[in-house]
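Okay, so here's the structure we're looking at.
The values are calculated or read from the model by the stated rules, or taken from the named source; none is laboratory data. Every value quoted in this text rests on a predicted model; they were computed, and no experiment measured them. Counting neighbours? That spans all protein chains shown, and the Cβs are built from the backbone with ideal geometry, glycine included.
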Amino acid sequence: MWCKPAVCAAFARIIFLILVAYLWFKLSLMNNFLPFALPDIGEEEIAEVVDSLRSGWLTTGPKTQKFEKDFVEFLGGEVQALAVNSATAGLHLALEALGVGPGDEVITTTYTFTATAGVIRHLGADPVFVDIDPRTFNIDAERIEQAITPRTKVIMPVHFAGLACDMDPILEVARRHGLKVVEDAAHALPSTYRGRLIGKLESDVTVYSFYATKTVTTGEGGMIVTSNREIADRCRIMRLHGISRDAFDRYTSTKPAWHYEVIAPGFKYNLTDLAASIGIQQLKKAWDFQKKRERMAAIYDSGLVDLPVTLPPKAPDGDTHSWHLYVIRLDDLVKPGRNEFIQQMADRGIGCSVHFIPLHLHPYWMNTYNLQPHDFPVSRLAYERAVSLPLYTKMTEADQQRVMTAVRDVLSVQGSVVTSASSTFNA
Ligand SMILES: Cc1ncc(COP(=O)(O)O)c(C=O)c1O
């Protein structure tokens, strides 16, 4: 049955208008999309990079040396800092320097990024995964001792989201069993444990990440920190082909520039001066960034407190949380489920993420170590309900309001979004 031409035309016009409105809505959402993470790069970083570009020294050189020196000062001295091109590289070098190799085991958490465990495999050793504390998502210190075998060489805790692990029992177990400790501090700049900065505890090595989403960034980059001279020397040599002299030394010392000695089959893990230039300026802002993130976390806390979610734990009184991530946990019976929640947030123009898909749920780790999803039940449950909300210093208070309104909307809880009236939010 055909409709009259005039009716058909009117009908087509309506359909066309609906389509245009839909496309306009989608486009405006895309334009207005709040990403999950953004780096905070200012004119100071840009000027420092330009200075390096103009200097002609692009690879590891004076800026990297300055960045390392500044980092040691930031930590209050008494340690050595070695810049590398990622935390992954730093963790690899740290374990290599500790002599980890085939037949050895390294105890770590399943609730981490694959880099933590990948570097153990790079050395032919085996990771032994441990479940987490359901409150902090950090490695459950009490379970570490049960995982120790005669093959165990290192314990590798991860300070999840920037909240320090309970390090005293970890260090005590390590001491009692003669084990080394390497802290994966990719999230923990700056974080403190019992009043001391991560990086200044009694661990053997601490490794930070300056990946683009981290609290302090160089785009890609990392820092190895240790107070052990032998470990530092080994890492320094192995980060650059196993050569006894780095490029800066070769081209600035009075010895002939062409001469160098290879003393081990090293890696190519050095940081460039371009990246270090960004790091020098970012590090100056590290405490301001932390304070801002802390204020933002407090705003989320008060705005989301009445919702059916568990809010992330704060650092104990007197300690600092870097607030790299703000991870909420949807209550068990809450609908929609986690995946649908993230999709509905994206439909409202808000990027969210998940930290982490536990390693024992990834095919490689599952198949290599014959792991089952139920092997680490706390991690699995945490993963199934965890959502990381956007939290970065470039966000405005209005951005945070949008996130909280969207969370409330998706969880279909009506009511006003409460915020702390922080007038210094954008300071
Ligand atoms: C816990 C953890 N460890 C290590 C890494 C690796 O850091 P990078 O990207 O600097 O190698 C990451 C990266 O996100 C991480 O989250």
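Here are some notes:
- Within segment 212-236, considering residues that are under 19 Å from residue 157 (Cβ atoms) and within 16 Å of the ligand (Cβ to nearest atom), the one surrounded by the fewest Cβ atoms within 10 Å (Cβ to Cβ): 214
- Candidates 398, 406, filtered to the one that is surrounded by fewer than 15 Cβ atoms within 10 Å (Cβ to Cβ), modelled with pLDDT of 95 or more and hydrophobic (A, V, I, L, M, F, W, C): 398
- Evaluation of residue 355 against (1) outside any loop (DSSP other than H, G, I, E, B); (2) touching a strand residue (DSSP E or B) at 6+ places or on another chain (Cβ under 8 Å) (one fails), failing number: (1)
- Counted residues, segment 102-145 - those being assigned to a strand (DSSP E or B) and either within 16 Å of the ligand (Cβ to nearest atom) or not assigned by TED's automatic domain parsing to the domain that holds residue 235 (or both): 9
- Evaluation of residue 282 against (1) over 27 Å from residue 325 (Cβ atoms); (2) crowded, with 17+ Cβ neighbours inside 10 Å; (3) not acidic (Asp, Glu) (one fails), failing number: (1)
- Taking the criterion of being surrounded by 18 or more Cβ atoms within 10 Å (Cβ to Cβ) and either within 30 Å of residue 34 (Cα to Cα) or among the aliphatic types (A, V, I, L, M) (or both), the residues of segment 350-377 that qualify are 350, 352, 355, 356, 358, 359, 361, 371.
- Under the condition of being over 17 Å from residue 95 (Cα atoms) and either over 19 Å from the mean Cα position of the chain (by Cα) or surrounded by fewer than 20 Cβ atoms within 10 Å (Cβ to Cβ) (or both), the residues counted in segment 149-166 number 3.
- Residue list for segment 178-202, restricted to those being crowded, with 24+ Cβ neighbours inside 10 Å, more than 10 Å from the ligand (Cβ to nearest atom) and part of a loop (DSSP other than H, G, I, E, B): 189, 191, 198, 199
- Taken over segment 44-101, residues that are more than 15 Å from the ligand (Cβ to nearest atom), assigned to a loop (DSSP other than H, G, I, E, B) and either in contact (Cβ under 8 Å) with a residue 60 or more places away in the chain or under 20 Å from residue 200 (Cα atoms) (or both) amount to 11.
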